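The values are calculated or read from the model by the stated rules, or taken from the named source; none is laboratory data. Predicted model, so just to flag it, every value in this text is computed and none were measured. All Cβ positions, glycine included, derive from the backbone under ideal geometry; neighbour counts span all protein chains shown. When the accessible area is computed, the model is the full protein with side chains, heavy atoms only, and any ligands, DNA or RNA have been set aside. Shrake-Rupley method; radii C 1.70, N 1.55, O 1.52, S 1.80 Å.
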Amino acid sequence: MTQQTVTNKLDWIQTELQTLKDSGLYNRIRTLSSPQGAWLVVDGKRVLNFCSNNYLGLANHPRIVQAAQKAVEQYGVGPAAVRSIAGTMDIHIELERRLAAFKGVEAAITFQSGFAANLATIPALIGKDDGIFSDELNHASIIDGCRLSGGKTIRYAHCDPQDLDRVLSEQRANYPRAMVITDGVFSMDGDVAPLDKIYEVAQKHNAILMVDDAHGEGVLGKGGRGIVDHFGLHGKVDVEIGTLSKAFGVVGGIVAGNGTVIEWLRQRGRPFLFSSAMTVPDVAACLAAVDLLEESTKLVDRLWENARYFKGEMKKLGFDTGLSTTPITPVMLGEAPLAQQFSRELFDAGVFAMAIGFPTVPRGKARIRVMISAAHERADLDQGLEAFETVGRKLGVIGG
């Protein structure tokens, strides 16, 4: 086989990449050279950080850094095995015990990421003859988990319990097992699923209820205990998926809830069985994050105070912040080229806020997604607001 033949087989990729660039959808990934925080060094420039999922400012918290360092000295770094063979350390068990207690559930199990948690859980509970009733805007990891399960996925209208009831009424009888899946907080729009109403529908139709609370962990509920706590649904939601990479400031995934489900995942969760365990410093850092959240609600309270202020001021300026009721603040711009230009202009003005376009969000709904953090001071928010106002007027997004 000649080199020319090999090259021709891959030409389509270059064509597709050029199409992305021409349509304003090519993702130019910037590089950080500083710890996470309210301010970052990005591509060599110090900028205000409006991008990270570091909701509580824990990613570089001194106690979390110290916990990771101390654990490395005691245990080393990598577990060097999957959990089911020789990779389960006592600190893994301690983290799972502490997370279950924090969330008020029977049991919890950790995975390498929130994405891995979804890929583990859905195929373990749903087979090819079963039905999955999924919110139409659910995260990509849920979509991929549904595909891996082989079950039939039936979408229902976004955050619409009545439509969920309709599709379950029409199709529930076709499947021996059914699962209702929703994000808790939707990461692109910042709206919250009406989990109390969804629970009632799932209960009515004898369906397993699963919620992915990646953006609710550490944000919603008392002291950041999540969407189940927010709605007072303890013991009623079968499966809670979460992540330790956002508000907790570290990395890893969690599945919490019914003890039988957790036991089953230890036997059949493929990322648990076939991929090495969370590393030692990550586990220790997560334990330190739980300590901080249990000690005080101060960081969660500050996060919401910052979010309310920033969102309110953006609306006063005339920006469309969509349907968000959480610290996620989408600045709706419409077309991807405008969103990318807006992001570049903000960066030039010292604000790091990335454009989000298709396929992450639907065509015509491109935006700048601002992620507010407890790490931001009021002066940081004011500086960001000033930059948004300047760029917004320059590009004709707001009047003036």
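In table form, for the structure just shown:
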read-out: Per residue value of the accessible surface for the stretch 183-228 (all protein chains in place, 1.4 Å probe), Å²; value: 27
read-out: Å² per residue, accessible surface of the stretch 238-291 at 1.4 Å; value: 32
read-out: Contour excess over end-to-end distance, with Cα ends at residue 360 and residue 200 and 0.36 nm allotted per residue; value: 54.6 nm
read-out: Fraction in percent of alpha-carbon pairs per bin - 5 Å, the stretch 242-400; value: 2, 8, 14, 16, 15, 12, 11, 10, 7, 4, 1, 0, 0
read-out: Top positive-direction residue, dipole computed over the stretch 1-160 with Cβ charges, set 112, 54, 24; value: 54
read-out: Long-range HN-HN contacts of residue 225 with modeled amide H, under 5 Å; value: 218
read-out: Amide H within-cut-off set for residue 331, under 5 Å, with H built and near neighbours excluded; value: 368, 369, 370
read-out: ³J(HN,Hα), Karplus 6.51/-1.76/1.60, whole Hz, each residue of the stretch 83-92, x for Gly, Pro; value: 4, 7, 10, 9, x, 8, 9, 4, 6, 4
read-out: Gaussian network model of the chain, Cα within-10 Å springs - most flexible of 368, 64, 154; value: 154
read-out: Top of 103, 365, 315 by mean-square fluctuation, Gaussian network on the chain, Cα under 10 Å; value: 315
read-out: Reachable aspartates and glutamates, given that their alpha-carbon falls under 16 Å from the alpha-carbon of residue 128 and they are not under 8 places away in the same chain; value: 144
read-out: Top positive-direction residue, dipole computed over the stretch 317-400 with Cβ charges, set 358, 396, 324; value: 358
read-out: Which labelled figure in (i) 47, 24, 22; (ii) 33, 27, 24; (iii) 28, 27, 22 is semi-axes √(5λ) of the Cα gyration tensor in Å, once derived from the coordinates; value: (ii)
read-out: Quotient of C-alpha Rg and 2.2 N^0.38 Å, computed over the stretch 328-400; value: 1.07
read-out: Solvent accessible area, Å² - residue 389, 1.4 Å probe, full protein context; value: 60
read-out: Apportionment of accessible area to carbon and sulfur, the chain, percent (1.4 Å); value: 51
read-out: Derived scalar couplings ³J(HN,Hα) [the stretch 9-26; Karplus, 6.51 cos²θ - 1.76 cosθ + 1.60; whole Hz; x for Gly, Pro]; value: 5, 9, 4, 4, 5, 4, 5, 5, 4, 5, 4, 4, 5, 5, 8, x, 10, 6
read-out: Where labels lie 7 Å past Cα in the beta-carbon direction, separation of residue 16 and residue 263 in nm; value: 4.5
read-out: For the stretch 155-161, 3J(HN,Hα) per residue [Karplus equation, 6.51 cos²θ - 1.76 cosθ + 1.60, θ = phi - 60°, Hz, x = Gly/Pro]; value: 8, 10, 4, 3, 6, 10, x
read-out: Accessible area expressed per residue, the stretch 95-161, with surrounding protein chains retained (probe 1.4 Å, Å²); value: 37
read-out: Cross-link partners of residue 21 among lysines (Cα-Cα below 20 Å; sequence separation of 8 or more within a chain); value: 365
read-out: Cα-based reach from residue 70 at 30 Å (exclusive), listing lysines while leaving out same-chain residues under 8 positions away; value: 103, 222, 246, 298
read-out: For residue 180, residues with placed amide H under 5 Å, excluding near neighbours; value: 133, 208, 209, 210
